[in-house]
1. Once you keep just the Cα pairs under 8 angstrom separated by 6 or more residues, what percentage relative contact order results for segment 139-214?
2. When the chain is fully extended, how far beyond the present Cα-Cα distance does Arg265 get from Tyr125, taking 0.36 nm per residue of separation?
3. Taking amide H positions as placed in the peptide plane 1.01 Å from N, state which residues far from Thr132 in sequence (5 or more) or on other chains have amide H under 5 Å from it.
4. Write down the Å³ per residue value for the convex hull defined by the alpha carbon atoms of the chain.
5. Considering only DSSP beta bridges with both partners in the chain, what is the antiparallel share in %, to the nearest 5?
6. Can you figure out the FRET efficiency of Leu215 with Ala195, using R₀ = 22 Å and their beta-carbon distance, to the nearest 0.05?
7. Could you tally the net charge around Leu75, taking each other residue with its Cβ under 12 Å from the Cβ of Leu75, Lys/Arg +1 and Asp/Glu -1?
8. What are the extents of the Cα atoms of segment 157-285 along their three principal axes, listed from largest to smallest and rounded to whole Å?
Amino acid sequence: MTNLGYYNGEYGPLEEMRIPMNDRVCWFGDGVYEATPCVNHIIFTLDEHIDRFFKSAAMLDMTPELTKTQLAELLRRLILKVDSPDQFVYWQLTRGTASRTHTFPEHSSPNLWVMLRPLTLSNIYEKIKLITAEDTRFLHCNIKTLNLLPNVMASEKAKQAGSQEAIFHRGERVTEGSHSNVHILKDGVFQTAPADNLILPGIARAHLIAHCRKLGIPVSETPFTVSEMFNADEVMTSSASTFCLSASHIDGIAVGGKAPVLLRRLQDSVLAEFHEATSRKTARV
Ligand code: PLP
């Protein structure tokens, strides 16, 4: 199989999978998700993604039927059914299947979905272009929910502008990207928005912070403004499958490029960890 769709124990090629129309994801987007790359059949930072998955589910009063260990085993079993050893691994939990009513269904258990497809990784050293967008999302952005409409709209706006990502801001305060966290380097300090309810606590963000500490780069988890971002020495985005990309332009204006050596040290460090963790030597299968 070149790709795979899994739904509550059944699986097959993605294009052939069918799900019930009454899955609450169809009516409400009622669920949570996770995504991370897999190389050489090794799912990168799997335990951290599973931990956040359970946290997101708990914040929405949902409980997966599998334990964390069982979910990890299921994902490790499923990736072996796809031809490529390098895959984009995505899974989600939806509240259940029931006739459309806002309140929780009484007689339905959650539905577990998995989607696997070949992985395309971007070049970490290639500069990207960003746009800014007013953050009109709700106040629970720390939960990785399936309600992504503002993110979808902003992402499309970025694409139409010939850019790769949209950076949200609430007034002057920068929050995060439509599908990434955003950080700046200024005067040797790595600054990133605090992990409060306005951003998703990214796994790649946490790793970046750990790399900074290892490299002796001071970290400040404090909000920064749109103008501070435009005036930063470097502007970076991070996500599970892009790691740490740096920007050349925001809204068509040249940014960053003033701390290339520090940026490169950080990117090299992040990439080395990924290669080490997913090298065949460490492979379990
Ligand atoms: N913020 C948003 C809104 C996201 O959708 C993502 C990733 O999908 C991230 C941040 C980065 O999170 P992670 O590093 O865990 O992929």
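1. Result for segment 139-214 is 30 percent.
2. Net length gain for the segment: 49.3 nm.
3. The answer is Ile167, Asp251.
4. That works out to 131 Å³ per residue.
5. Around 80 percent antiparallel, to the nearest 5.
6. The calculated FRET efficiency here is 0.60.
7. That works out to +1.
8. Projected onto its principal axes, the Cα set of segment 157-285 covers 47, 33, 29 Å.
Bear in mind that the values in this text are calculations on the coordinates, not laboratory data. Values in this document were obtained by computation on a predicted structure and should not be read as measured data. Positions of Cβ are backbone-derived with ideal geometry, glycine not excepted, and every protein chain shown enters the neighbour counts.
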